[in-house]
1. With no solvent and one equal point scatterer per Cα, compute the Debye intensity ratio I(q)/I(0) for the range 1-66 at 0.16, 0.21 Å⁻¹ and report its log10, rounded to two decimals.
2. Equivalent-ellipsoid semi-axes (√(5λ), Cα gyration tensor) for the range 111-194, whole Å, largest first?
3. So what is the calculated 222 nm ellipticity per residue for the chain, using -39500 (n - 2.57) for each DSSP H run with n of 4 or more, over all residues, to the nearest 500 deg cm²/dmol?
4. Counting only residues 5 or more places away or on other chains, whose amide H sits under 5 Å from the amide H of LEU155 once H atoms are built in the peptide plane?
5. Can you list the aspartates and glutamates whose alpha carbon sits under 19 Å from that of LYS206, skipping same-chain ones fewer than 8 residues off?
6. Using a 1.4 Å probe, how large is the accessible area of SER87, given in Å² and rounded to the nearest 10?
7. Quick one: how many Å² of GLU154 are accessible to a 1.4 Å probe, rounded to 10?
8. Given the options PRO212, PRO14, PRO48, which has the most mean-square fluctuation in a GNM of the chain, springs set between C-alpha atoms less than 10 angstrom apart?
Amino acid sequence: MNKFQILVVEDDAPVRNLITTTLRANNYRFITAGSGESAVSETASHNPDIILLDLGLPDIDGVEVIRRIRSWSNVPIIVISARSEDSDKIDALDAGADDYLTKPFSVDELLARLRVTQRRIALMQSIGNEQAIYQNGALKIDYSAGCAWMGEEELRMTPMEYKLLCLLARNTGRVLTHKFILQNVWGSSWENDVGTLRVFMATLRKKLETAPGSPQYIQTHIGVGYRMQKVE
Ligand code: CA
């Protein structure tokens with residue numbers, strides 16, 4: 001029995017039924033909400049493990065729902081958006097969503113996103129955000145010493161590359177937008193400089209990845225941002 005409880009927020013009944021049928025078949029527990037207001041109140045009263053949140057809701061906007069929930073909770077939020085709502089998806093990630101699914105999505109995609117999020121929860125519970133040592137596959141970061149290794153080999157990085165690596169590592173499993181990364185690594189005046197970020201990401205990947213063309217650690221989300229993946 002899968003002990004995770006999912007809050008499904010979706011006003012479109014057929015989509016909601018597809019999701020809940022899938023969850024039931026895969027032994028997830030779930031509760032549902034059909035509006036933004038009820039999403040916020042259900043989160044407060046049931047404390048779900050993961051929220052699946054449609055962005056187009058009849059009352060308050062999905063991005064506003066995220067802001068309200070984030071004011072008191074770190075529960076992982078996976079947003080569900082239509083393809084036409086690409087900028088909303090980025091706003092949702094910047095507001096604190098962890099991941100996204102684009103409609104129409106398959107049952108397999110939904111389950112894959114849930115597994116990624118469950119791994120993130122497990123990783124965060126085992127490592128703890130404030131602990132000094134981060135371990136993911138062969139990658140190890142000693143936050144207090146300010147250095148990182150790949151296997152036995154210490155990685156030689158510039159201060160910016162190290163800062164970028166730490167930001168990705170501390171958010172393992174989350175999709176971080178270009179804007180979020182630029183603001184947190186370089187400061188807000190650089191927030192539109194996606195070209196710079198791409199260059200730093202390429203050099204960082206050369207140091208981390210055995211095959212930078214098919215990266216194992218840092219995943220690219222075209223037009224959106226990057227994600228550090230949990231490596232087994
Ligand atoms: Ca909707």
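1. Each listed q maps to, in turn, -0.47, -0.79.
2. One finds semi-axes of 22, 20, 11 Å for the range 111-194.
3. Mean residue ellipticity, 222 nm, calculated: -13500 deg cm²/dmol.
4. ALA148, TRP149, MET150
5. By straight Cα distance, LYS206 reaches GLU152, GLU153, GLU154, GLU161.
6. Its accessible surface works out to 70 Å², give or take rounding.
7. Its accessible surface works out to 100 Å², give or take rounding.
8. Judging by the Gaussian network model, the answer is PRO14.
The values are calculated or read from the model by the stated rules, or taken from the named source; none is laboratory data. Computed from a predicted model, the values in this text were never measured in an experiment. Positions of Cβ are backbone-derived with ideal geometry, glycine not excepted, and every protein chain shown enters the neighbour counts. Ligands, DNA and RNA are excluded from the accessible area calculation, which covers all protein heavy atoms including side chains. Shrake-Rupley method; radii C 1.70, N 1.55, O 1.52, S 1.80 Å.
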